[in-house]
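Report on the structure given below.
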Amino acid sequence: VQLVQSGGGLVQPGDSFGIACIVPGGTFSNYAMGWFRQAPGKEREFVAAISGSDGRTTTAESVKGRFTISRDNSKHAVYLEMNSLKPEDTAAYYCNADGTYTDHYYYASEWWGQGTQVTVSS
């Protein structure tokens, strides 16, 4: 499964930024999708996920209320909208396809995007 992520950027604290992940092939509407991030020197951590069947979402406590995951099955795309960004949100963000969605977590599959660097700094 190929995943292609959009470009990253440098933003200021408090700004908003959105990233996308496209899955060109496969039965995208059936895939649960997830976003993870990895900051320098830290382990990769779960950010948000969306189910394939009915679009339910779950979000990590650290970003709840600021980040929103969504999908457009017609475009084979999943999005992560990030608001009120903080310097601690600086990380490489990775999308994952066809993992296992639960109401409180998402267990990643082996299918990862290439990563998108988001840097939050004044």
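Nothing in this text is a laboratory measurement; each read-out follows from the coordinates by a stated rule. It should be emphasised that the depicted structure is a prediction, and the values quoted were computed from it without experimental measurement. Using ideal geometry, Cβ is built from the backbone for each residue, glycine included, and neighbour counts are taken over all protein chains shown.
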Segment 46-122: trypsin sites (Lys or Arg not before Pro) in DSSP coil with no more than 16 other Cβ atoms inside 10 Å: Arg56, Lys64, Arg66
Within straight cross-link reach of Lys64, meaning Cα distance under 22 Å, which lysines are found once same-chain residues fewer than 8 apart are removed? Lys42, Lys86
Out of all DSSP beta bridges with both ends in the chain, state the antiparallel percent to the nearest 5. 90
For segment 35-72, which GluC sites (Glu not before Pro) pass both filters: DSSP loop (anything but H, G, I, E, B) and at most 12 other C-beta atoms within 10 Å? Glu43, Glu61
In percent, how large is the relative contact order of the chain, given Cα pairs closer than 8 Å and 6 or more residues apart? 36
Considering only DSSP states other than H, G, I, E and B, which chymotrypsin sites (Phe, Trp or Tyr not before Pro) in segment 1-105 qualify as loop sites with at most 14 other Cβ atoms within 10 Å? Tyr105
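Full-extension gain between Val4 and Glu88, please, as 0.36 nm times their residue separation minus the C-alpha to C-alpha distance.
27.8 nm
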Segment Thr100-Gln38, extension gain: residue separation times 0.36 nm, minus the distance between their alpha carbons: 20.3 nm
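Thr27 to Glu81: FRET efficiency via 1/(1 + (r/R0)^6), r the Cβ-Cβ distance, R0 25 Å, to the nearest 0.05? Present the calculation step by step, with values, prior to reporting the outcome.
On the way: r = 25 Å, r/R0 = 0.99.
About 0.50, to the nearest 0.05.
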Point-charge dipole on Cβ atoms (K/R +1, D/E -1) for segment 1-119, about Cα centre, debye to 20: 120
May I ask which residue of Tyr107, Gly9, Gly25 lies farthest towards the positive end of the charge dipole of segment 3-122, with charges of +1 (Lys, Arg) and -1 (Asp, Glu) on Cβ and the Cα centre as origin? Gly9
